[in-house]
Amino acid sequence: MSNLQQKCSSQMLKAIQAQHDFPLWAVTGAGKTEITFASLAWAIESQWRIAFVTPRIDVCNELYPRLQQTFPTVSILLQHGQAQIPYQYRQLTVCTVQQLLHFVKAFDLIIIDEVDAYPFVNNRLLPQAVRRARKATGVTCQLTATPPAKLVRVFRRDANKELAILPLRFHQQPLPQLTIKVCSTTPAILAGQTQRYVWWMNTIARWVQAGYPFLVFVAVVEQLEMIYRYIKHHLTTSSIRGTTVHAGDPFQVQTVAAFRNREYTFLVTTTILERGVTFSNLQVLILAADARHFTATTLIQIAGRVGRKSATPTGEVLAVCQQYTWALKRARREIAFLNRQGKNLVTK
């Protein structure tokens, strides 16, 4: 763990011990989960009941085995809409935030990862569920790589709460920046109206030749199959395997696992894979990056899929659009800001 991670970990532990809520703003790939380990260990030793929650099922599925490995002697329960395990009392529960609707004054510590993610963000019911599930003396920690402005304002106003910011990834390399290119042909391809070869296929061909796995993000489910067929049609290497994945896909978990195991070279996906997943040596293409579905937060999270491993800390994030939107500008500006903050810390 780096000195910055240790500092944030210590801040979190002190806040929890003082029974103060604690928010952490840490860039994608900074090691937020590892930062919680010291606090979790203290809470477990203190016989606290803990909920580690997130809005996303896929994040729960990644988080659960990591906590099992770190705390092998602790009873841990995984609960979400697709989990096959019946409910049992456990000291540590890993679940989607929606599952907290079933609890009343149950937990001493609730850690919420990805507080900016759907469906938690801009939702009135789920924050109430968190408050109801927490004991009167309980503590809530909120973790995010892209904090909502409201969250930042609330915690900066409260003298008892300190906003911890970690602008560096654990391997101390900068966040990958968006490369934005204009392509007027892309909408016709997304609509299935043309098979015309476009320049961004050269980028994909280069990734294939180098042996890089890659994700292609599109805005809506209806575009998945068209883009998949388009890429397969124009790839000269027919042995390259790919497929599509989206939130309603019944084989979503298996598909992502197969991609991680290099059974697929590429996935064409919606924003379901914008967060909570880590792949080695990944490259990313975002098509129609100016679509309203690609908010600044989403774009930053997508870019954060790249360069997460210390062995491969760099990669490309190519955003293809027809116009340079406010969301694209804000995403680039925030990534640049965090990289400057991180560089200043390294050079001190």
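The values are calculated or read from the model by the stated rules, or taken from the named source; none is laboratory data. Please read these numbers as outputs of a predicted model, since none were measured by experiment. Positions of Cβ are generated from backbone atoms using ideal geometry, with glycine treated the same way; all protein chains shown enter the neighbour counts. To get the accessible areas, we keep the full protein, side chains included, count just its heavy atoms, and leave off ligands, DNA and RNA. Shrake-Rupley method; radii C 1.70, N 1.55, O 1.52, S 1.80 Å.
Here are the numbers for this structure:
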read-out: Accessible area (Å², 1.4 Å probe, nearest 10) - Ile300; value: 10
read-out: Among the listed pairs Lys232/Lys329; Lys7/Lys309; Lys32/Lys232; Lys7/Lys105; Lys32/Lys181, those beyond 26 Å (Cα-Cα); value: Lys232/Lys329; Lys32/Lys232; Lys7/Lys105; Lys32/Lys181
read-out: Contour excess over end-to-end distance, with Cα ends at Thr312 and Thr237 and 0.36 nm allotted per residue; value: 24.5 nm
read-out: Calculated [θ] (222 nm, deg cm²/dmol) that DSSP helices of n ≥ 4 give over the chain, each run adding -39,500 (n - 2.57); value: -11000 deg cm²/dmol
read-out: Heavy-atom SASA rank of His246, His233, His80 (probe 1.4 Å, accessible area, largest first); value: His233, His246, His80
read-out: Gyration tensor (alpha-carbon) shape descriptor, the stretch 265-348, a/c threshold 1.5; value: oblate
read-out: DSSP-assigned coil residues among trypsin sites (Lys or Arg not before Pro) in the stretch 166-259, each with at most 10 further Cβ atoms within 10 Å; value: Arg196
read-out: Prolate/oblate/rounded label for the chain (Cα gyration tensor, a/c 1.5); value: prolate
read-out: Rounded to the nearest 10 Å², the accessible area of Tyr197 at probe 1.4 Å; value: 100
read-out: Point-to-point label distance, Asn261-Val220, nm (Cα→Cβ direction, 7 Å offset); value: 3.5
read-out: Calculated P(r) of the stretch 1-135 - Cα pairs past 18 Å, %; value: 53
read-out: On Cα atoms only, tilt of 57-70 relative to the major axis of the chain in degrees; value: 60
read-out: Those GluC sites (Glu not before Pro) in the stretch 174-268 that DSSP places in a loop and that have at most 13 other beta carbons within 10 Å; value: Glu263
read-out: Tilt relative to the chain, helix 326-347 - C-alpha long axis, 0 to 90 degrees, to 10; value: 60
